[in-house]
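The structure appears right after this line, and notes come after that.
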Amino acid sequence: MQKTIITRREFLADRQGRTFADVLNDPEQPFADVLDFFNDEARQRRMEESEIHHDRPPLAGVVRELEALPAFHDFLCNMPAHRSKRLRQAVGVVVRMIMERRGWKKTGKKGSLGVRKVASGDVIESPCHNSGGLSLWFLRAECYTPLAGDKFPSVRERARELKQHAKPQPGRTKGRRTAPSHSVARMRRAVTNRHAAKE
């Protein structure tokens, strides 16, 4: 599939994108770098593979590379949490637009990207960042599923299917030991007789 291109005009025409006009119009925010980053076929393919092969949100496939961008990293390091949150939310809109154009839809669920635990009594630092996980700045991201429904089933789904189609083994009763087979019984009698003969 050819890469999907998201322009500033298309972003502002989007139902959610238009609510982030402040991010686009803020010269301090590296939104142009964000668009350039995501308008890349290899990264878009990794976003899809993140869902298909790893059951992770699309953003998980590229988030470390995104956070390594100097402009992106510097902005999040030097801005208060409420301003960095707007940029991170705008990134989520870009991801959604790309995934929808590539034949995916949101599942309504979010996957974890990081751990940001603040103990009781601790001072919340600004900017806020994660202390563990895959991402330094993103806590969660939207999960997606193909419109065509050709995503591989999860392990849980496959295990459930196996359980439904499992055939009960003959001679096996749940919660009760089955009688030993004739060959095993003969072997046990032979061992018993051998011990008796020695005595």
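Look at ARG45 and say whether it is among the basic types (Lys, Arg) and under 16 Å from the mean Cα position of the chain (by Cα). Criteria met by ARG45.
Scanning the stretch 35-44 for residues that are surrounded by fewer than 21 Cβ atoms within 10 Å (Cβ to Cβ) and of a type outside the set (Lys, Arg) yields LEU35, ASP36, PHE37, ASN39, ASP40, GLU41, ALA42.
Taking the criterion of being more than 17 Å from PHE20 (Cβ to Cβ), assigned to a helix (DSSP H, G or I) and within 18 Å of the chain's Cα centre (by Cα), the only residue of the stretch 76-120 that qualifies is MET99. Against the conditions (1) exposed (fewer than 14 other Cβ atoms within 10 Å of the Cβ); (2) modelled with pLDDT of 95 or more, SER120 satisfies every one except (2).
Quick check: anything in the stretch 45-63 over 21 Å from GLU142 (Cα atoms) and either touching a Lys or Arg at 6+ places or on another chain (Cβ under 6 Å) or surrounded by 15 or more Cβ atoms within 10 Å (Cβ to Cβ) (or both)? No; the residues of the stretch 45-63 include none that is over 21 Å from GLU142 (Cα atoms) and either touching a Lys or Arg at 6+ places or on another chain (Cβ under 6 Å) or surrounded by 15 or more Cβ atoms within 10 Å (Cβ to Cβ) (or both).
Checked against (1) surrounded by 11 or more Cβ atoms within 10 Å (Cβ to Cβ); (2) modelled with pLDDT under 90; (3) assigned to a loop (DSSP other than H, G, I, E, B); (4) within 19 Å of the chain's Cα centre (by Cα), SER135 passes all but condition (2).
The values are calculated or read from the model by the stated rules, or taken from the named source; none is laboratory data. Quick caveat, the model's predicted, so the values are computed rather than measured. Please note: Cβ atoms are built from the backbone with ideal geometry, for glycine as well, and neighbour counts cover all protein chains shown.
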